[in-house]
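Working notes, structure below.
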Amino acid sequence: MNSMSGANSNRRDFFQLVLGWGAALFAFCASLAGAARFMIPNVLYEPNQRCKLLKPEEYEEGATFIAESRLFLVRKGNTFRAVSGVCTHLGCTVLRNSKGNGFHCPCHGSQFNENAVVTGGPAPRPLPWYLVELSRDGRLVVNAAHVVAADKYLVV
Amino acid sequence: MLKKLWAQLLGTRIGRSVFRVGLPASNLQRAQVAISSFLLHMQPAKVHQRTLKFSTTLGLGLITLYLFFILIITGVLLMFYYVPSTDLAYQSMKDLEFVVTAGMVLRNMHRWAAHLMVIFVMLHMCRVFYTGAYKQPREFNWVIGVILFILTLALSFTGYLLPWDQLAFWAITVGSSIAGYAPIVGEKIKFILLGGHTVGQAALLRFYVLHVVLLPGAALVLIGIHLWRVRKDGGLARPGEPAFTQEELPATALPTTKSYGLMELAHGTTPAVGVEPDDEVFTWPNLIFREILVFMLVVVLLLVLAIFWNAPLEEFANPVHPPNPAKAPWYFLGLQELVSYSALWGGVIVPALIVVALVALPYLDRRRAGIGVWFSRERKVALSIFSICLVTMIVLTIIGSVFRGPNWSFQVPWKPNIVAEER
């Protein structure tokens with residue numbers, strides 16, 4: 001390139017920079033982006049977010065653990081609520097307190113009261129409450145994709 | 001007798017075609033052996049006498065390398081029986097334990113070698129720090145070492161999930177949730193790592209591929225560069241070694257024909273620069289002999305461990321019932337102890353600070369004091385800071401390991417808390 005005259009050499013440098021290196025960089029970034037996107041699955045083979053339970057009258061007073069969906073169905077008289085059983089700290093499954101008025105996590109000792117609000121330990125957020133509905137055939141349906149306030153009940 | 005037979009074999013046409021030099025009889029041949037063999041040429045033909053002294057390195061890096069090789073061999077053998085599926089993984093572990101001949105010993109060796117490798121990488125790092133061996137011109141090799149340290153932890157962590165027992169499932173659930181605390185990208189990283197929202201089939205397959213292909217491959221390449229740089233940076237650090245100079249040779253100084261030798265181009269610190277030849281000994285047989293000895297000791301130690309202590313295998317993974325307490329692998333228990341106070345601090349800020357501090361260390365600590373000397377008095381500040389951090393991490397790890405009982409409550413190891421099973 002040193003034998004070239006100034007203007008010619010500048011133009012050549014410019015094209016080499018923009019077209020040559022630009023194309024190489026673009027190809028590299030595009031391949032990287034494609035590979036990164038490839039790693040994000042489009043279909044998840046995970047349990048359904050909506051979970052169909054038994055009829056309301058089959059559940060006892062207090063919290064019942066629904067193992068397959070890792071949540072608790074809480075009955076109080078004729079009202080029903082559902083709360084996540086997955087600790088908001090590091091994803092362990094929480095247990096009911098021995099007194100039956102809240103939950104605690106065995107992994108790092110987070111405490112939740114009966115409204116699933118954090119009362120102790122490292123958990124950063126309360127356990128989320130899920131929407132409880134009644135299906136046409138009279139069975140309870142919990143929708144884990146739909147988070148509701150703690151004071152929202154299904155009255156049967 | 002055996003030596004004679006070996007010499008005869010090397011003397012044949014086939015033997016010479018394979019080994020070129022044969023058993024060396026002269027100093028020239030001792031040099032040729034090291035130079036002409038692919039495996040042996042990782043080492044210089046001659047090394048400084050200090051290199052042979054056990055107290056120089058304690059053999060820690062070498063032991064780590066051997067453990068890595070043993071892990072590859074035992075790991076590849078285990079792959080012949082292991083199926084990375086949530087239905088079959090646990091069955092293959094049981095098969096390896098009770099059906100496959102030597103399966104139990106191989107799995108034990110793999111498990112204990114993995115734990116030992118984590119320990120020896122850490123010890124090796126401590127040795128390099130306490131002997132000031134990361135200083136110029138070895139800064140970048142220290143950085144490669146830090147990356148290898150992280151890779152070792154990642155290898156161990158991804159392997160932890162594969163048995164698909166309770167221990168595996170909950171350690172990875174807890175560990176990957178920590179990643180979710182990283183600001184902005186945390187949830188995304190966790191999702192890509194697990195291939196979903198929870199630890200399931202997708203996560204098992206991803207961890208398997210990382211564990212058997214991607215991470216060992218990366219480690220192998222970096223180990224190669226790491227060893228190569230040890231040579232290129234002038235061998236092991238030693239006190240009074242010539243200061244590092246990077247001479248820029250003017251292009252005009254080079255001969256115009258291509259008849260010049262490599263020595264006319266290679267400048268700077270090499271093992272031979274500024275040393276009396278008397279301080280150096282031939283790699284063959286002095287260094288080779290010691291290396292083989294260390295290898296035999298490592299294999300014996302591992303075999304004893306593998307024969308007398310079995311690797312843990314708990315019951316089949318159960319996503320709804322965490323063990324109480326659920327603990328991460330031991331090398332993360334210091335972080336888990338911190339996580340029990342604050343997930344952001346223990347899971348993100350402290351580990352990030354540790355990595356950044358380790359990488360930046362050789363570029364911040366630039367004084368040329370105490371190179372190649374254990375606990376040099378000229379490095380009081382650096383030694384104190386490092387030691388305080390090290391002791392803190394060890395104390396946290398011990399608290400997390402043995403002083404934490406059910407519900408992560410404080411307990412004394414000789415009087416464990418017992419909590420009745422609930423639900």
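Values in this text are rule-based calculations from the coordinates and carry no lab data. As the structure is a prediction and not an experimental result, all values here were calculated from the model. Note that we place each Cβ from the backbone using ideal geometry, even for glycine, and neighbour counts take in every protein chain shown.
Applying 0.36 nm per residue to the separation of B:Lys53 and B:Phe295 and subtracting their alpha-carbon distance, the gain on full extension is 85.5 nm.
Within region A:22-129, which chymotrypsin sites (Phe, Trp or Tyr not before Pro) sit in a loop by DSSP and count at most 13 neighbouring Cβ atoms inside 10 Å? Don't skip to the answer; put the middle values down first.
Working: sites: A:Phe26, A:Phe28, A:Phe38, A:Tyr45, A:Tyr59, A:Phe65, A:Phe72, A:Phe80, A:Phe103, A:Phe112, A:Trp129; in loops: A:Tyr45, A:Tyr59.
The qualifying sites are A:Tyr45.
Take the cross-link list B:Lys94/B:Lys190; A:Lys52/B:Lys188; B:Lys46/B:Lys232; A:Lys55/A:Lys76; B:Lys135/B:Lys380; B:Lys232/B:Lys380 and give me the ones stretching past 19 Å between alpha-carbons. The partial results should precede the final answer.
Working: B:Lys94/B:Lys190 30 Å; A:Lys52/B:Lys188 29 Å; B:Lys46/B:Lys232 14 Å; A:Lys55/A:Lys76 15 Å; B:Lys135/B:Lys380 16 Å; B:Lys232/B:Lys380 29 Å.
As for pairs spanning more than 19 Å Cα to Cα, those are B:Lys94/B:Lys190; A:Lys52/B:Lys188; B:Lys232/B:Lys380.
222 nm [θ] for the protein assembly as shown, helices only, -39500 (n - 2.57) per DSSP H run of 4+, per residue, to 500? If you can, show how the numbers build up before the last one.
Values: 19 runs with 259 residues, N = 579.
Using -39500 (n - 2.57) per qualifying helix, the result is -14500 deg cm²/dmol.
Couplings for region A:37-52, taken from phi via the Karplus curve 6.51 cos²θ - 1.76 cosθ + 1.60 with θ = phi - 60°, read 5, 4, 6, 8, x, 8, 10, 10, 8, 10, x, 4, 5, 8, 10, 8 Hz in order; Gly and Pro are left as x.
Cys residues of chain A that find no other Cys beta carbon under 4.7 Å: A:Cys29, A:Cys51.
Which net charge results for the neighbourhood of A:Thr79, defined as the other residues with beta-carbon distances under 12 angstrom from its beta-carbon, given Lys and Arg at +1 and Asp and Glu at -1? So the environment of A:Thr79 carries a net charge of +2.
Karplus-based coupling profile of region B:75-80, in residue order and whole Hz: x, 5, 5, 4, 4, 5, with θ = phi - 60° in 6.51 cos²θ - 1.76 cosθ + 1.60 and x standing for Gly or Pro.
Comparing B:Leu194, B:Leu40, B:Leu116 in a Gaussian network model of chain B, where Cα atoms under 10 Å apart are tied by springs, the biggest mean-square fluctuation is seen for B:Leu40.
Placing R0 at 51 angstrom, the Cβ-Cβ distance between B:Thr392 and A:Val148 gives a FRET efficiency of 0.70 after rounding to 0.05. With N as its number of residues, region B:42-163 has a Cα radius of gyration that, divided by 2.2 N^0.38 Å, comes to 1.31. Taken one residue at a time, the phi angles of region A:16-22 give Karplus couplings (6.51, -1.76, 1.60, θ = phi - 60°) of 4, 5, 6, 6, x, 5, x Hz. Gly and Pro are set to x. Spacing of the modelled spin labels on B:His115 and A:Glu57, each 7 Å from Cα toward Cβ, amounts to 5.7 nm. Placing pseudo-labels 7 Å out from each Cα toward the beta carbon at B:Ser17 and B:Val185 gives an inter-label distance of 5.3 nm. The H on the amide N of A:Gly102, modeled in the peptide plane, is under 5 Å from the matching H of A:Asn97, each at least 5 residues off or on a different chain. For the options B:Ser17, B:Ser156, B:Ser85, a Gaussian network treatment of chain B with springs between C-alpha atoms closer than 10 Å singles out B:Ser17 as fluctuating the most.
Suppose a student asked you for the relative contact order of chain B, using Cα pairs under 8 Å spaced at least 6 residues apart; what percent would you report?
Working: 476 pairs, mean separation 97.8, N = 423.
So the answer I get is 23 percent.
Across B:Arg238, B:Arg138, B:Arg367, mean-square fluctuation computed from a Gaussian network of chain B (C-alpha pairs under 10 Å connected) peaks at B:Arg367.
Of the residues B:Val100, B:Ser177, B:Ser342, the one whose Cα sits farthest towards the positive end of the charge dipole of the protein assembly as shown is B:Val100 (charges of +1 on Lys and Arg Cβ, -1 on Asp and Glu Cβ, taken about the Cα centre).
Amide H contacts of A:Leu131 (H built 1.01 Å from N, in plane; Pro and chain starts excluded): A:Asn143, A:His146, A:Val148 sit under 5 Å, all sequence-distant by 5 or more or on other chains. Throw me the Rg/Rh for the protein assembly as shown, computed over C-alpha atoms with Kirkwood Rh, two decimals. Dividing the radius of gyration by the Kirkwood radius yields 1.06.
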